[in-house]
1. When you scan the range 171-202, how many residues do you find that are loosely packed, with under 14 Cβ neighbours inside 10 Å and at pLDDT below 95?
2. What residue, of Pro95, Pro141, is in contact (Cβ under 8 Å) with a residue 40 or more places away in the chain and either within 16 Å of the chain's Cα centre (by Cα) or within 30 Å of Ala31 (Cβ to Cβ) (or both)?
3. Sort out which residues of the range 206-243 are farther than 26 Å from Pro108 by Cα and among the charged types (D, E, K, R), and write them in order of number.
4. Residue check, Leu228 against (1) more than 20 Å from Trp163 (Cα to Cα); (2) touching a Phe, Trp or Tyr at 6+ places or on another chain (Cβ under 6 Å), all met but one. Which one?
5. Under 7 Å between Cβ atoms, at least 6 apart or on separate chains: pull out the pairs that start in the range 16-43 with a residue that is under 21 Å from His123 (Cα atoms) and end on any residue that is of a type in the set (Asp, Glu) and surrounded by 19 or more Cβ atoms within 10 Å (Cβ to Cβ).
6. Given the criteria part of a helix (DSSP H, G or I), out of contact with any Phe, Trp or Tyr (no Cβ under 9 Å at 6 or more places or on another chain) and touching a residue at least 40 places away in the same chain (Cβ under 8 Å), does Asp152 qualify?
7. Can you pull out the residues in the range 176-228 that are part of a loop (DSSP other than H, G, I, E, B), charged (D, E, K, R) and under 30 Å from Val34 (Cα atoms)?
Amino acid sequence: MSAGWTAQRWTGVFAEQSAMFREAVGTADPAAPVPNCPGWTFTELTLHVARFLETSLEHLRTGSPVQLVPPPAPVGVVPLSYLDAQLAAAAEVLPAVAGNRPVWTFSPAAPDLAKVWHRRIAHELTLRRFDAQAALRTLVPTDADQAVDGIDEALGTLLAARWTTDSPPDVTGTAVVRCTDVPESWFVALAPGSVPEIRAAAPGEQADLVVRGQAQILFYGLWGRVELPAEGDAAVRRALRLA
């Protein structure tokens, strides 16, 4: 995980990003489309975030050593009321759970510790805040240090989680991902049947795919929200994108 990040810091990011997300969805027409999420309106976006929080927080609450079955999808709820209830629950649970508490997590490349959930919740709200603000044309820039940690999670935790699905990517190749506004960089090696190898890229290191850009562009590019500035192997590029 990125140096200097703690459960408390991710909880602070969640508080900031969730407040901006709540303001955006509260302002929007519930029936208006969200272009970053094809087929979704603001209603679907609101329900998604609320349900994501409900499911994630249950792991933190219980400290379950195994994956929990998601709660039943709510029926007949008022989307904003449902969201508000989950935001209030998160504001209680996140600061109350120590980052080193054992709990099941979702990636073979991540420790079974609560801080993995703190991080995932913080960056999911960052991404969904971006989706909402982009639809409203009220985008707020994302801090480079925060974006770097989001890139590190995407490459070091979430990419590995994709290799544990029923249809893992069948790609062999390497990539170097370099930020142009901060010094961080990553080397990624992909191979069928293996969890991706992730490490810091060496100066001048080459790969089948080279990705270069500002940290926030790379973060949102890996999530398919903006064009990923990359040159090289198209299959490796597709495998890196999480959406």
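The values are calculated or read from the model by the stated rules, or taken from the named source; none is laboratory data. Worth saying up front: this structure is predicted, and the values here are computed from it rather than measured. Quick reminder, even Gly has a Cβ in these numbers, built from the backbone with ideal geometry, and neighbours come from all protein chains shown.
1. The qualifying residues number 3.
2. From the options Pro95, Pro141, the qualifying one is Pro141.
3. Arg212, Glu227, Glu231 - these are the residues of the range 206-243 that are farther than 26 Å from Pro108 by Cα and among the charged types (D, E, K, R).
4. (2)
5. What qualifies is Val34/Asp131; Asn36/Asp131; Cys37/Asp131.
6. Taking the combined requirement at face value, the residue does not satisfy it.
7. Within the range 176-228, Asp181, Arg225, Glu227 qualify.
One line per residue, one yes/no per condition, for (1) outside the structural domain of Pro30 (by TED's automatic domain parsing); (2) within 22 Å of Phe14 (Cα to Cα); (3) modelled with pLDDT of 95 or more:
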position	(1), (2), (3)
Pro65	no, no, yes
Val69	no, no, no
Glu92	no, yes, yes
Pro102	no, yes, yes
